[in-house]
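Since the structure comes first, as structure tokens, the remarks are kept for the end.
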Amino acid sequence: MPATLTPTQPFSFDQTLTFIKRFPPCQGEYIVEDDAVTAAVAIGGRAVPLTIRRRGPALEVQTPRAADASAAAAHAAHWIGADDDVSALYAAARGDAPFTRLIERLHGLHHVRFLTLEEISVYCVMMQRSPITRASRMKRLFLDRFGVPVEVGGRTLRAMPELAALAELDGEEIGRAIRHAPKGQTIANVVRGVAAIGLATLREAPYAEARDALLSIKGIGPFSAGAILLRGLGRMDEVPSVTMFAEDAAMIYGRAIDEAAIARRYGRQIGYWGFYVKTGAARLRD
């Protein structure tokens, strides 16, 4: 029986689908329809296809096997930020006219994460000092070689392996697959380090503790640690620095921002502010 998701309002599934269709690191990895999206996630070493489909005011999570329904629903809810409450962000934006106009364009968009911790742990290395197009290409090459395949409607989707499987991969083999030997070795080291820390610690420990644990891994700096916590685990309460959003924010505000004032206004919503700024700036560029 399909599982039902009831996202916290305001929520727009149309905004979710638009984001997924436009996000370069994941293009070609999902099946996106007008009212649904299908991805593959590794559960117990198997690739499980999960489909999130609009069903009236709610969402339905469909999987081929009933035994996978609960785990798939948990992955789906996390992926699209179903339980996020953006009303606090919207309240903080009162009086910030440029950002309020951005909210009007993106109204109901929840934070779409990378599908799994494994995915962002691999990708955070690929995007280090690399343009997004090149990092995205490396990710596709990685999945072509190491992804767990499953057929869905005549298409092959590939799930990112789970941490235990990733930790067994050889750095040289990864380097050959993605055509970048140094990053291959770093990816191998990073996934082993993340596996040793564990999902529970990274998701539940105080932000500073989780960040410092990641920073202890060779190959992870402040930017990559922030990406894992923000874009992978949806931890929106902090960002490494507002400066990392300054160029995109200038497009939204039409001027250089006062970073200290932004940090004071948005507080624990600063991660969500950054997500909206990055998303809005990408659409303006197009």
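For the stretch 1-80, which GluC sites (Glu not before Pro) pass both filters: DSSP loop (anything but H, G, I, E, B) and at most 14 other C-beta atoms within 10 Å?
GLU33
May I ask you to derive the relative contact order of the chain, considering only C-alpha pairs under 8 Å and at least 6 residues apart, and to give it as an integer percent?
Relative contact order comes out at 18 percent.
Modelled label-to-label distance, ASP212 and ASP170, 7 Å Cα→beta-carbon offset: nm?
With each label placed 7 Å out from Cα toward Cβ, I get 3.8 nm.
Can you give me the relative contact order of the stretch 179-227 as a percent, contacts being Cα pairs under 8 Å and 6 or more apart? All intermediate terms of the calculation are to be shown ahead of the outcome.
Values: 26 pairs, mean separation 19.4, N = 49.
Across the stretch 179-227, relative contact order equals 40 percent.
Let me check I've understood the local charge: for ALA225, count other residues with C-beta under 10 angstrom from its C-beta, Lys and Arg +1, Asp and Glu -1. What total comes out?
0
Over the stretch 117-232, what is the relative contact order in whole percent, taking alpha-carbon pairs under 8 Å and six or more residues apart?
Relative contact order for the stretch 117-232 comes out at 28 percent.
How high is the FRET efficiency from ALA246 to ALA66, r the C-beta distance, R0 45 Å, rounded to 0.05?
My answer for the efficiency is 0.40.
I'd like to compare 90-97, 48-55: which one has the highest average count of other Cβ atoms within 10 Å, and what's the full order after that?
Those peptides, ordered most packed to least, come out 48-55, 90-97.
Only helical DSSP H runs with n ≥ 4 go in: add -39500 (n - 2.57) per run for the chain, normalise by residue count and round the 222 nm mean residue ellipticity to 500 deg cm²/dmol.
-14500 deg cm²/dmol
Among the complete DSSP H segments of the chain, which ones combine at least 24 Å of alpha-carbon extent along their axis with a mean Kyte-Doolittle hydropathy of 0.0 or more?
Correct list, ordered by number: 181-197.
How do 36-45, 112-121 rank on mean C-beta neighbours within 10 Å, highest first?
Values: 36-45: 19.7, 112-121: 24.0.
Result, highest mean Cβ count within 10 Å first: 112-121, 36-45.
Among rounded, prolate and oblate, which fits the stretch 172-286 when a ≥ b ≥ c are the square roots of the eigenvalues of its C-alpha gyration tensor, a/c under 1.5 means rounded, and a/b larger than b/c means prolate? Kindly include the intermediate steps, with their values, before the conclusion.
Details: a/c = 2.73, a/b = 1.51, b/c = 1.81.
Taking the square roots of the gyration eigenvalues as a ≥ b ≥ c, the stretch 172-286 is oblate.
Restricting to DSSP loop positions (anything but H, G, I, E, B) with no more than 13 other Cβ atoms inside 10 Å of their own Cβ, which GluC sites (Glu not before Pro) remain in the stretch 140-199?
The qualifying sites are GLU168.
Select from the stretch 141-179 those trypsin sites (Lys or Arg not before Pro) which occupy a DSSP coil region and have at most 13 other Cβ atoms within 10 Å, ordered by residue number.
Details: sites: ARG145, ARG155, ARG158, ARG176, ARG179; in loops: ARG179.
Sites meeting the loop and neighbour criteria: ARG179.
Can you run phi through the Karplus equation (6.51, -1.76, 1.60; θ = phi - 60°) for the stretch 28-43 and list ³J(HN,Hα) in whole Hz, with x for Gly and Pro?
x, 8, 10, 9, 10, 10, 5, 10, 7, 9, 10, 9, 10, 10, 7, 10
Based on the alpha-carbon gyration tensor of the stretch 3-106, what equivalent-ellipsoid semi-axes (square roots of 5 times the eigenvalues) come out, in whole Å, largest first?
The equivalent ellipsoid of the stretch 3-106 has semi-axes of 28, 15, 12 Å.
Using 0.36 nm times the number of residues separating ALA256 and SER87, minus their current alpha carbon distance, what extension gain do you get?
58.2 nm is the gain from fully extending ALA256 to SER87.
Based on other C-beta atoms within 10 Å, arrange VAL191, VAL86 from fewest to most.
Numbers: VAL191 27, VAL86 24.
Going from least to most buried by this count: VAL86, VAL191.
Which entry in [x] 19.5; [y] 21.9; [z] 20.1 is this structure's computed Kirkwood radius over Cα pairs in Å?
[x]
What lysines does LYS218 reach when the alpha-carbon gap must be under 22 Å and sequence neighbours fewer than 8 apart in one chain are set aside?
Output for LYS218: LYS139, LYS183.
Coordinate-derived values only; no laboratory data. Please read these numbers as outputs of a predicted model, since none were measured by experiment. Cβ sites come from the backbone with ideal geometry, for glycine too, and all protein chains shown count toward neighbours.
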